[in-house]
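Novice: Provided herewith is a single structure, encoded as structure tokens, for subsequent inquiry.
The values are calculated or read from the model by the stated rules, or taken from the named source; none is laboratory data. Here the structure is a predicted model, which means the values were calculated and not measured. Glycine gets a Cβ as well: all are built from the backbone with ideal geometry, and neighbour counts include every protein chain shown. Calculation scope for accessible area: heavy atoms of the full protein, side chains included, ligands and nucleic acids excluded. Shrake-Rupley method; radii C 1.70, N 1.55, O 1.52, S 1.80 Å.
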Amino acid sequence: MSMISLKHEYSDQLTNNMKSQIDLRNNISLKEYNTFKISARAAWFARVGNPGQAKFLAKEILPQYDRFLILGGGSNTLFAKSFDGLVVHMAMKGKEVLHEDATGCRLRVAAGEDWPEFVDYCVSKGWGGVENLALIPGQVGASPVQNIGAYGREVKDVIEEVHAIDLKTGEEVSFKNEECHFAYRDSLFKSEKNDRYLITFVDFKLHKEDEFHLDYGSIRDEIRKSKEAVSYQSIAEAVKRIRRSKLPDVGELGSVGSFFKNPVINEDDFELLREQHPDVPFFKVLDGYKIPAGWLIDQCGWKGYREKDYGVYPHQALVLVNYGNATGKEIYALSEKIREDVHSRFGIHLHREVTFVE
Ligand SMILES: Cc1cc2nc3c(=O)[nH]c(=O)nc-3n(C[C@H](O)[C@H](O)[C@H](O)COP(=O)(O)OP(=O)(O)OC[C@H]3O[C@@H](n4cnc5c(N)ncnc54)[C@H](O)[C@@H]3O)c2cc1C
């Protein structure tokens, strides 16, 4: 008998003994658990509903598996094939106001809460700080992982502390904002310690005093068009309208939004690029010049490309899509071709934003 089947036999006993404590199932379809709508399956699937279960999982269950993967809403995950290990799905719910005064509030939010609903909740209460991040799919617990960002704001701007279970020890751990090593679409939880910590709660610091961020993209114009007064609510609604006009609705078309990060290049490379392409769009950032990856991909002629059921979204070249029955491998292979093309034309390496699971 192989190692793996021995382990699964042991897990069968665990499943029976501990069903009351944790929901552990086998051979589960992941199609509804990833926004690319890839038809992959999980050999094992555990739903974590509270911190006690998370600790129990870390101490008693994970050691029995060769491989595991943390999954939130699956809106930044691409499955190449079925996953032969244990998928740990975050299902913790709840929000708690830790402190509130005239200027703002501090909130503790469970990792399994839906991010877009959380944003709606905050703006309905008149709490500012997350309105520019409206309609980003996924869970609250995943928001620090890649430091989600949009329209000039990043979640690091409002995170005070991240609470997690250390999956190696089963102990509770907390990270202050500066300990999370937040960077552009990156954090300690993504690049340095991927799959080490199961995030259970995130503490946010939000404000009530008017502090609006309208300068990025067309938010200001969109609010002007709607003739609404500027408020956290009207900013969130403007962001939603803009996003709906540019990005595919995940209910209709499989995608993970931006597939690649926008590359940052140094001054010399930027000057060279601008000599050859005077119309290149860019944003000056601390460590160089950020070039929109969508523009680079578009220049290579990929926008609107389609083969079988996979392709590049016709309205935004940064978004790869599944028109129905694409496989994760097909989408990954397309992303490789695009990377090679952009590199051979511009000498710029594109890095994937998505978590690729083989
Ligand atoms: C249409 C569309 C638009 C998008 N627009 C944006 C955008 O504007 N800006 C942006 O930043 N992103 C965007 N995204 C990407 C995605 O919404 C975010 O990355 C989101 O935070 C992913 O959340 P999730 O719960 O679906 O994560 P998942 O895909 O489930 O997981 C993503 C990663 O986080 C890890 N993870 C998830 N939950 C936990 C947890 N509790 N503890 C530890 N690790 C965890 C996973 O292991 C995985 O590595 C978009 C996606 C789509 C489909």
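Novice: By what distance, in whole Å, do the Cα atoms of the chain stretch along each of the three principal axes, largest value first?
Specialist: So the three principal-axis extents are 64, 54, 37 Å.
Novice: With a cut-off of 8 Å between alpha carbons and a minimum separation of six or more residues, what is the relative contact order of the range 62-205 in percent?
Specialist: In percent, rounded to a whole number, it is 23.
Novice: In addition: Which three semi-axes in whole Å describe the equivalent ellipsoid of the range 264-357, each the square root of 5 times a Cα gyration tensor eigenvalue, listed largest first?
Specialist: 27, 13, 11
Novice: For LYS227 and SER344 in one chain, what is 0.36 nm times their gap in residues minus the Cα-Cα distance, to one decimal in nm?
Specialist: That pair, LYS227 and SER344, stretches by 37.5 nm at full extension.
Novice: Could you pull out the GluC sites (Glu not before Pro) across the range 82-125 that fall in loop regions by DSSP (anything but H, G, I, E, B) with no more than 15 other Cβ atoms inside 10 Å?
Specialist: none
Novice: HN-Hα J couplings of the range 126-137 from phi, Karplus 6.51/-1.76/1.60, θ = phi - 60°, integer Hz, Gly and Pro as x?
Specialist: x, 9, x, x, 10, 4, 6, 9, 4, 6, 7, x
Novice: If DNA, RNA and ligands are ignored and the probe is 1.4 Å, what is the ranking of VAL264, VAL119 by accessible area, most exposed first?
Specialist: Listed by decreasing accessible area, they come as VAL264, VAL119.
Novice: Strictly over 27 Å apart at the Cα level, which of LYS31/LYS225; LYS193/LYS337; LYS81/LYS190; LYS125/LYS261; LYS284/LYS308; LYS125/LYS156 would you flag in this model?
Specialist: Violating the 27 Å limit, Cα to Cα: LYS31/LYS225; LYS193/LYS337; LYS125/LYS261; LYS284/LYS308.
Novice: Using r as the Cβ-Cβ distance of GLU100 and LYS308, and R0 as 45 Å, what FRET efficiency do you calculate, to the nearest 0.05?
Specialist: The calculated FRET efficiency here is 0.25.
Novice: Grab the other residues whose beta carbon is less than 11 angstrom from that of ASP166, score K and R as +1, D and E as -1, and report the net.
Specialist: Net of charged neighbours comes to +3.
Novice: Would you mind checking which residues have amide H under 5 Å from GLY128's amide H? H placed 1.01 Å from N; only 5 or more apart, or other chain.
Specialist: HIS207, LYS208
Novice: Order LYS81, LYS93 by their accessible area, 1.4 angstrom probe, all chains in place, largest first.
Specialist: LYS93, LYS81
Novice: Could you give the accessible area per residue of the range 287-358, probe 1.4 Å, as a whole number in Å²?
Specialist: I get 45 Å² per residue for the range 287-358.
Novice: Sticking with this one: How would you rank 225-237, 273-285, 125-137, highest first, on the average number of other Cβ atoms within 10 Å across their residues?
Specialist: 125-137, 225-237, 273-285
Novice: Here is a follow-up. Determine ³J(HN,Hα), in whole Hz, for all residues of the range 144-158 in sequence, where each value follows from phi through the Karplus function 6.51 cos²θ - 1.76 cosθ + 1.60 and θ = phi - 60°; x replaces Gly and Pro.
Specialist: x, 4, 10, 6, 3, x, 5, 6, x, 10, 10, 5, 4, 5, 10
Novice: For TRP295, what accessible area in Å² do you get when you roll a 1.4 Å probe over the heavy atoms of the protein chains, rounding to the nearest 10?
Specialist: Result for TRP295: roughly 40 Å² accessible.
Novice: Any idea what the relative contact order of the chain is, in percent, if you count C-alpha pairs under 8 Å spaced at least 6 apart?
Specialist: Answer for the chain is 16 percent.
Novice: What full-extension length gain, to one decimal in nm, is calculated for GLU252 and LYS125 as 0.36 nm per residue of separation minus the Cα-Cα distance?
Specialist: 42.7 nm
Novice: Something else now. If you roll a 1.4 angstrom probe over the protein chains with everything in place, what fraction of the accessible area of the range 264-357 belongs to carbon and sulfur, to the nearest %?
Specialist: 47
Novice: Between the range 39-110 and the range 230-253, what is the C-alpha centre distance in whole Å?
Specialist: Cα centroid to Cα centroid, the span is 26 Å.
Novice: So, counting K/R as plus one and D/E as minus one, what does the shell of residues with Cβ under 15 Å around ASP203 add up to?
Specialist: So the environment of ASP203 carries a net charge of -3.
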